[in-house]
Ligand SMILES: [Zn+2]
Ligand SMILES: [Zn+2]
């Protein structure tokens, strides 16, 4: 099946039925995008520790069953009414920012990530642990052809978190930057920091992490 074909019928999804329940692989009807939304054929979805919020019911107000996943890369395969900036076949990503209202004080200041009615994929609506996902158009980012799906997916949350932390830290090239914890975020943080021109000190446990940290660009 071509990746841009219109989807009909059912799909597989990994859902959490109740707080604390195991993941369940279920067949679901392929969702249709409403006005202002697009449907994405999911190509890859990263596993973020924050998915535990949905898995264990730690975020207030989650409605179950819920499908987690907020590190999504995929291809738009249907566009809802009123969406003019995106088209079928475009490669896109969706991260923690899964939609905003555009009207609250934070939005009017351009601070969409702190929208009072912020939507989060996998928490406010079903996320990327499924074959097709529906997302509001304002949640999408365009994905360049040079990025492969599996490598791009974790950049949508872990990557943005570390990249923006460094970008807004005030550190200048040549400054010493410490990255604590060489895991899902830290291994990206080291690489961004090294590319920004910092001297990178990696702090973690064990000799395996030490070898990895140095390979990724840490000098200490
Ligand atoms: Zn995340
Ligand atoms: Zn808002």
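The values are calculated or read from the model by the stated rules, or taken from the named source; none is laboratory data. Just so it is clear, the model here is predicted, and its values are computed rather than measured. Note that we place each Cβ from the backbone using ideal geometry, even for glycine, and neighbour counts take in every protein chain shown.
Can you tell me which residue within the range 59-85, out of those that are in contact (Cβ under 8 Å) with a residue 24 or more places away in the chain and surrounded by fewer than 17 Cβ atoms within 10 Å (Cβ to Cβ), is farthest from ligand 2 (Cβ to nearest atom)? Among those residues, the one meeting the criterion is 65.
Looking across the range 91-109, the residues that are in a loop (DSSP other than H, G, I, E, B) and within 20 Å of the chain's Cα centre (by Cα) come down to 95, 96, 97, 98, 99, 100, 101.
Scanning the range 193-205 for residues that are surrounded by fewer than 21 Cβ atoms within 10 Å (Cβ to Cβ) and either touching a residue at least 40 places away in the same chain (Cβ under 8 Å) or touching a strand residue (DSSP E or B) at 6+ places or on another chain (Cβ under 9 Å) (or both) yields 194, 196, 199, 201, 203, 204. For the range 25-44, the set of residues classified as under 25 Å from residue 184 (Cβ atoms) and free of Cβ contacts under 8 Å to residues at least 24 places away in the same chain consists of 25 only. Looking only at the range 93-104, which residues are within 22 Å of residue 68 (Cα to Cα) and either near ligand 2 (Cβ under 8 Å from one of its atoms) or touching a strand residue (DSSP E or B) at 6+ places or on another chain (Cβ under 6 Å) (or both)? Across the range 93-104, the qualifying residues are 93, 94, 98, 99, 100, 101. Among the numbered conditions (1) within 22 Å of residue 185 (Cα to Cα); (2) surrounded by 17 or more Cβ atoms within 10 Å (Cβ to Cβ); (3) within 13 Å of ligand 2 (Cβ to nearest atom), the only one that residue 107 does not meet is (1). Residues that are touching a helix residue (DSSP H, G or I) at 6+ places or on another chain (Cβ under 8 Å) and at pLDDT below 95: does the range 196-206 have at least one? Scanning the range 196-206, I find at least one residue that is touching a helix residue (DSSP H, G or I) at 6+ places or on another chain (Cβ under 8 Å) and at pLDDT below 95, so the answer is yes. Considering only residues that are in contact with a strand residue (DSSP E or B) (Cβ under 9 Å, 6 or more places away or on another chain) and outside any loop (DSSP other than H, G, I, E, B), which ones fall in the range 52-90? Passing the criteria: 54, 55, 66, 72, 73, 74, 75, 76, 77, 78, 79.
Contact annotation: residue pairs with Cβ atoms under 6 Å, 6 or more positions apart or on different chains, pairing a residue in the range 45-58 that is assigned by TED's automatic domain parsing to the domain that holds residue 69 with a partner that is near ligand 1 (Cβ under 10 Å from one of its atoms) and assigned to a helix (DSSP H, G or I), are 46/154.
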